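Notes to accompany the following structure.
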Amino acid sequence: MATSAPAFEVGDYVVYPKHGVGRVTELQSEEIAGMKLDLYVLRFEKERMTLRVPVNKVEAIGMRKLSSDKTLKEAMETLKGKPKVKRTMWSRRAQEYEAKINSGDLVSIAEVTRDLFRPDDQPEQSYSERQIFEAASSRLARELAAMEKTDEPAALTKILQVLNEHAPQYYENTEDA
C-alpha cells in the first residue's frame, strides 16, 4: 500500500481528542524496534507538552483538523440552548461529561459547557462540577481561538458572554418551584 502525503503540514493546528488543540511542529521519521515510523510532532502550549503521533495511527486516535465554520456555528448555537438537567448520580454524569470532552467533538464539548454553566445569581457548583466546566470551556475556547486567530482568554470571554446572555431565561422560574 502506497503511503499518501501527510494530512497535516508543519504549522497546522490540530485537535487531539484527549488533549485539545495542538500545533504540528515537525514531521519526523524514526526507527523503533526495527520499524521505520513517520511521526507528527505536536506541541500543546498550555500544557507545555510535546506529543509524537505515528502518522498511521492518526485516524484511529481521532486526531483531526480544526472544526469547520459550520461546526463552530453549531457549537455556538448549542451554548444558547436550554441546559439539560440530568438526575442521575453525579459520578455517572461526571463520566459522561469527561467522555464528551475527550471525544474531541466540538458540539459535545459545547453541550457540557452549557449544561454545567451557572450564572452568577445561581447557587454555586460543587468543586468537581466547576473543574469539569472549566476543562470543557477551556477546550472549547482553545479551538475557537485557533479558528478565529485570537487568544484563549478572548475566546473564553466570547463563550461566557453567549452563556450569560442566554442562560437567565432558563433559570428565571427556578424560584417558583
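The values are calculated or read from the model by the stated rules, or taken from the named source; none is laboratory data. Values in this document were obtained by computation on a predicted structure and should not be read as measured data. Note: ideal-geometry Cβ built from the backbone for every residue, glycine included; neighbour counts use all protein chains shown.
Some values worked out for this structure:
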{"read-out": "Yes/no for Arg139 being closer than 23 Å to His19 by Cβ, among the charged types (D, E, K, R) and touching a helix residue (DSSP H, G or I) at 6+ places or on another chain (Cβ under 8 Å)", "value": "yes"}
{"read-out": "Only listed residue being at pLDDT below 95 and under 16 Å from the mean Cα position of the chain (by Cα), chosen from Glu129, Glu96, Glu148", "value": "Glu148"}
{"read-out": "Given (1) under 16 Å from Leu156 (Cα atoms); (2) assigned to a loop (DSSP other than H, G, I, E, B); (3) assigned by TED's automatic domain parsing to the domain that holds Asp151, index of the condition Glu111 fails", "value": "(2)"}
{"read-out": "Residues that are crowded, with 17+ Cβ neighbours inside 10 Å, more than 21 Å from Pro168 (Cα to Cα) and in contact (Cβ under 8 Å) with a residue 60 or more places away in the chain, drawn from region 80-105", "value": "Asn102, Gly104"}
{"read-out": "Complete set of residues in region 118-145 that are surrounded by fewer than 22 Cβ atoms within 10 Å (Cβ to Cβ) and either of a type in the set (Asp, Glu) or more than 19 Å from Arg92 (Cβ to Cβ) (or both)", "value": "Arg118, Pro119, Asp120, Asp121, Gln122, Pro123, Glu124, Glu129, Glu134, Ser138, Ala145"}
{"read-out": "Flag for Ala7 being surrounded by 14 or more Cβ atoms within 10 Å (Cβ to Cβ), modelled with pLDDT under 90, of a type in the set (A, V, I, L, M, F, W, C) and on the phi < 0 side of the Ramachandran plot", "value": "yes"}
{"read-out": "Residue selected from region 39-48 under the condition more than 17 Å from Ser29 (Cβ to Cβ) and surrounded by 12 or more Cβ atoms within 10 Å (Cβ to Cβ), by the criterion modelled with the highest pLDDT", "value": "Arg43"}
{"read-out": "Number of the exception - Ser68 against (1) touching a residue at least 24 places away in the same chain (Cβ under 8 Å); (2) within 19 Å of Val14 (Cβ to Cβ)", "value": "(1)"}
{"read-out": "Wholly enclosed strands (runs of 3 or more DSSP E) of region 1-79 bearing at least 2 residues aromatic (Phe, Trp, Tyr)", "value": "13-16, 35-44"}
{"read-out": "The lone exception for Arg52 - which of (1) under 14 Å from the mean Cα position of the chain (by Cα); (2) modelled with pLDDT of 90 or more it fails", "value": "(1)"}
{"read-out": "Residue check, Arg130 in contact (Cβ under 8 Å) with a residue 40 or more places away in the chain, of a type in the set (Lys, Arg) and under 29 Å from Tyr13 (Cα atoms)", "value": "no"}
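Residues checked against (1) farther than 25 Å from Leu160 by Cβ; (2) not hydrophobic (A, V, I, L, M, F, W, C):
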site	(1), (2)
Phe8	yes, no
Val15	no, no
Ala33	yes, no
Arg52	yes, yes
Ala60	yes, no
Lys73	no, yes
Gln95	yes, yes
Lys100	no, yes
